[in-house]
Amino acid sequence: MSSPRTKEAGASRARRIVAGSVAAFVLACLPAATFSGLASAEDQLKENKQELRETRDKVRVRSKRIRALQKHMNGLATRISRSQSDILAAEQRIEKLARRMMIQRVRASLLQAKLDERTRVAYMAGGAPILYLLTATSAADAASRMSFLTEMNRRDAVLAVKVHEATDRLGRMEAEVVRARQIIELTRRRLELDREELQERMAESQRLVESLRGRIEQIQYEISKIRPFAVCPVDGPHAIADDFGIKVFHPKKEGGNHIHQGNDIYAAMGVPIVAPFDGTAESATNPIGGLAVKVYGDHGYVYNAHLSAFGILGEVRRGDVIGYVGATGNAGGPHDHFEWHPDNGDAVDPHAYLLMVCASGALPT
């Protein structure tokens, strides 16, 4: 009596034989022109991939330049920030000096007015101090009067010194304000030059990044036109019908007669249907297609219809299960009705693109 493991191994071999037979039948039915077209597309794909590798090498080289630019721009940004801070600090210093200068001017004006008054009085008095001494009644009185006159002269001298000091301090403040304004002007000029250089460097960096990104995107877009799918949308034994553009006949309640906009990929009920590229999977259920899913990628979207159940919806990576083969809608049997809409436009024949990723996928490994 055979063990369960022996039976399972036999069933696995049987499945591989069926898969190989289906794939061999599909490949045998393909015209020679299809293989010729595939070979040409593969050659073009290799050329584009080589160009993409070379472009990525250029990206690495130019990335060094971009990093050097970034380092220089960071230095400029730091200097700009510090210059702005220095200007604000200098302006605050000038404001403080202006307030102190106003007080010093008032003080100097008062001292100068007092000194002028003392000079005027002395001038008007003329020889009065001598008469003041000569009219002393005694030696003691004369000594007292001399002491008084000496004190007055001393006070006048002190007042003159204070006037000089006040004027000198005022002059130093004015000179400091002039220097501060000169520093602000020089800092502003340097700040403007740094800002101009920063804008130039940022523009250069942006040009480098955009030129490289644009070229890579262009090459990737060209590759997407030759090989838009990374994996086969049906992850299991299958057979791909070359039936895009044929007229299909259905009763009105099943959508009526129409031109077939995709390829039917026949597979057993419940076989996983996967995202052929990275993107976003969304439900597209409708009466004709039954349970259906669209996957939007960078270069267009695919439409899978007649599913038996949904898989992952939302953000998906290539190979993620988005549903399972079924026969919902107007399907006559289990299959995946598969459409390819490049650039989100009209459907195009996906047959050659499917053969690139599905022909080998149907063979046993």
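The values are calculated or read from the model by the stated rules, or taken from the named source; none is laboratory data. Everything quoted here is computed from the prediction, not taken from an experiment. Don't worry about glycine lacking a Cβ; one is built from the backbone with ideal geometry, like all the others, and counts go over all protein chains shown. Just so you know, the surface numbers come from the protein's heavy atoms only, side chains and all, with ligands and any DNA or RNA stripped out. Shrake-Rupley method; radii C 1.70, N 1.55, O 1.52, S 1.80 Å.
For Glu200, Glu165, the ranking by accessible surface with the largest value first comes to Glu200, Glu165, using a 1.4 Å probe.
Averaging Cα coordinates gives a centre for the stretch 271-310 and one for the stretch 315-331; these two points are 6 Å apart.
Taking 45 Å as R0, compute the FRET efficiency from the Cβ-Cβ separation of Thr285 and Asn74 and round it to 0.05.
Details: r = 52 Å, r/R0 = 1.16.
So the FRET efficiency works out to roughly 0.30.
So if I place +1 on the C-beta of Lys and Arg and -1 on the C-beta of Asp and Glu, and nothing else carries charge, what would the dipole magnitude of the stretch 177-318 be about its Cα centre? I want it in debye, nearest 20. Show your work: numbers first, answer last.
Working: 18 positive and 19 negative charges, 96 e Å.
With only Lys, Arg, Asp and Glu charged at Cβ, the dipole is about 460 debye.
Students often check this: by mean Cβ neighbours within 10 Å, which of 318-325, 104-111, 233-240 ranks highest, and how do the rest follow?
Numbers: 318-325: 20.5, 104-111: 15.6, 233-240: 22.6.
Result, highest mean first: 233-240, 318-325, 104-111.
With +1 assigned to the C-beta of every Lys and Arg and -1 to the C-beta of every Asp and Glu, and no other charges, what is the dipole magnitude of the stretch 269-335 about the Cα centre in debye, to the nearest 20? Intermediate results must be reported in sequence, preceding the final value.
Working: 3 positive and 5 negative charges, 33 e Å.
With only Lys, Arg, Asp and Glu charged at Cβ, the dipole is about 160 debye.
Sort the stretch 241-306 into rounded, prolate or oblate with this rule: let a ≥ b ≥ c be the square roots of the eigenvalues of the Cα gyration tensor; rounded if a/c is under 1.5, and if a/c is not under 1.5, prolate when a/b is larger than b/c, oblate otherwise.
Numbers: a/c = 1.66, a/b = 1.65, b/c = 1.01.
Here the stretch 241-306 falls in the prolate category.
For q values of 0.15, 0.18 Å⁻¹, compute log₁₀ I(q)/I(0) with the Debye formula on a Cα-only model of the stretch 253-365, without solvent. Computed log10 I(q)/I(0) values: -0.60, -0.89. Taking a point 7 Å from the Cα of Asp278 along the Cα-to-Cβ direction, the residues of the stretch 312-343 with backbone N closer than 17 Å to it are 314-321. At an R0 of 30 angstrom, the distance between the Cβ atoms of Glu185 and Ser211 translates into a FRET efficiency of 0.15. Relative to the current alpha-carbon distance between Glu91 and Arg154, full extension at 0.36 nm per residue lengthens the span by 18.5 nm.
Once each part is reduced to its C-alpha centroid, what is the distance from the stretch 227-261 to the stretch 61-123 in angstrom? Answer, in whole Å: 79.
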